[in-house]
Amino acid sequence: MKAPAFWYRPPGLAAALLGPLGALYAAGARRRLAGTAPQGVGIPVVCIGNLVAGGAGKTPLAQAVMRRLLVRGIRAHYLSRGYGGRLRGPVQVNPAAHVAADVGDEPLLLSRSAPAWISADRLAGARTARDGGAQAVVMDDGFQNPALAKDLSLLVVDGGAGFGNGRVIPAGPLREELADGLARAHGVVIVGADRTGAGARAAGLAPAVPVLAARLVPDADVAATLAGRTVLAFAGIGRPQKFFDTCRDMGLSLARGVPFPDHHPYTESEIGRLLDQAADLGATPLTTEKDWVRLPPAVQARVTALPVVLTFQDDGALDALLDRVTRDIPRDTSRDTDG
């Protein structure tokens, strides 16, 4: 579903009319969280969440956290709900056997770098990961899920969109009241230029919660291969315009940018039409990694994926947060890539 445009404009008539429903939604979220006692699983759980409906950059942050844990010699596993997949789990993602329609696009992408589990029941999923050898869990989404205790919760904010109009669904994009969410967070990560003042707003409401600045950087090898090319870019992510802006920032000639809804299940006929358009334009078909794993296998080889890496203005700030919850974990020095 595409987010209503008024969610990302100053509050107006639509937000005011829907305000009472937003208040009910916020009250329901508050009751659900207060009415459930979170349970731990005996290993640290790092939750990568957000406060708005739709994507904000959670998956790249989950990957960045995983890289740091692996460098520390910690056997960490991913955990995801598996949105968009038919399996409820708990089940370990097998990229050789599963497709996005089975387990969802994000878990399939995450499974390339570490063991990944999907489970509609997050608590059961974390227990299964622990029993499968995980020393820590990196959970992609699930900040509003009350069943599983989180040892470290990092909130991702799209710097271009911020917290929208600051209202709760359906009056705005927030899944819960901003102050309520920030009260449970241990860190806020602003991805991209903070064009809405979200960092200052978060710091004002939760002064003790550090705000980290980060940006998405295209993979250098793929960027070099694409240098000077004309591309037809398409994306079905939370905010496709971010991907199109990235293409322009790389110096690519963007012949066309085609947006799709978040997690859109592509068909062969859709991609066939895009490939025909790209050929007519003399352009390279280009998409995100998350979109690429949702493509029908028969056409994947004809589309280029652009991997991105989340980099931080201050790496030490993220390391300090992770150190709080991982310092007592025995390290497997044979996996340590830090030298």
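In segment 274-320, which residue that is free of Cβ contacts under 8 Å to residues at least 40 places away in the same chain and farther than 29 Å from V103 by Cα is farthest from the chain's Cα centre (by Cα)?
Going through the qualifying residues, I end up with D280.
Check whether at least one residue in segment 222-233 is within 21 Å of the chain's Cα centre (by Cα) and modelled with pLDDT of 90 or more, and report yes or no.
Among the residues of segment 222-233, at least one is within 21 Å of the chain's Cα centre (by Cα) and modelled with pLDDT of 90 or more, which makes the answer yes.
Take the residues in segment 22-66 that are charged (D, E, K, R) and more than 13 Å from the chain's Cα centre (by Cα); name whichever of them is farthest from S153 (Cα to Cα).
R31
Within segment 181-224, which residues are surrounded by fewer than 17 Cβ atoms within 10 Å (Cβ to Cβ) and over 21 Å from A64 (Cα atoms)?
Within segment 181-224, A183, R195, G197, A200, A203, G204, L205, P207, A208, A224 meet the criteria.
For segment 52-63, which positions are of a type in the set (A, V, I, L, M, F, W, C), at pLDDT below 95 and assigned to a helix (DSSP H, G or I)?
Those that are of a type in the set (A, V, I, L, M, F, W, C), at pLDDT below 95 and assigned to a helix (DSSP H, G or I): none in segment 52-63.
Of everything in segment 167-193, what is assigned to a loop (DSSP other than H, G, I, E, B) and modelled with pLDDT of 95 or more? Give them in sequence order.
Passing the criteria: R167, I169, P170, A171, G172, P173, R175, E176, E177, R184, A185, H186.
Test each condition in (1) farther than 26 Å from A3 by Cβ; (2) free of Cβ contacts under 8 Å to residues at least 60 places away in the same chain; (3) in a helix (DSSP H, G or I); (4) not small (G, A, S) for R201 and report the one that comes out false.
For R201, the failing item is (1).
Do we have Q39 as polar (S, T, N, Q), in the same structural domain as S119 (by TED's automatic domain parsing) and surrounded by fewer than 14 Cβ atoms within 10 Å (Cβ to Cβ) here?
Here the answer is yes, as Q39 does meet what is asked.
So in segment 143-166, with the set limited to residues that are of a type outside the set (D, E, K, R) and assigned to a strand (DSSP E or B), which one is farthest from G57 (Cα to Cα)?
Ranking the candidates gives L148 first.
Would you be able to say whether some residue in segment 81-104 is in contact with a helix residue (DSSP H, G or I) (Cβ under 9 Å, 6 or more places away or on another chain), of a type in the set (S, T, Y) and touching a residue at least 24 places away in the same chain (Cβ under 8 Å)?
Within segment 81-104 (the criterion being in contact with a helix residue (DSSP H, G or I) (Cβ under 9 Å, 6 or more places away or on another chain), of a type in the set (S, T, Y) and touching a residue at least 24 places away in the same chain (Cβ under 8 Å)), the answer is yes, since at least one residue qualifies.
Looking at D314, D328, D323, which is the one that is assigned by TED's automatic domain parsing to the domain that holds G85, at pLDDT below 90 and surrounded by fewer than 18 Cβ atoms within 10 Å (Cβ to Cβ)?
D328
Does D249 fit the bill of being surrounded by fewer than 17 Cβ atoms within 10 Å (Cβ to Cβ) and in the same structural domain as R68 (by TED's automatic domain parsing)?
No.
Looking at segment 180-198, is at least one residue touching a Phe, Trp or Tyr at 6+ places or on another chain (Cβ under 9 Å), in the same structural domain as V325 (by TED's automatic domain parsing) and closer than 17 Å to P60 by Cβ?
The answer is yes; a qualifying residue exists.
Which condition breaks for P107 when tested against (1) touching a Gly at 6+ places or on another chain (Cβ under 9 Å); (2) over 27 Å from Q241 (Cβ atoms); (3) free of Cβ contacts under 8 Å to residues at least 60 places away in the same chain?
For P107, the failing item is (2).
The values are calculated or read from the model by the stated rules, or taken from the named source; none is laboratory data. Source: prediction; values computed, not measured. Don't worry about glycine lacking a Cβ; one is built from the backbone with ideal geometry, like all the others, and counts go over all protein chains shown.
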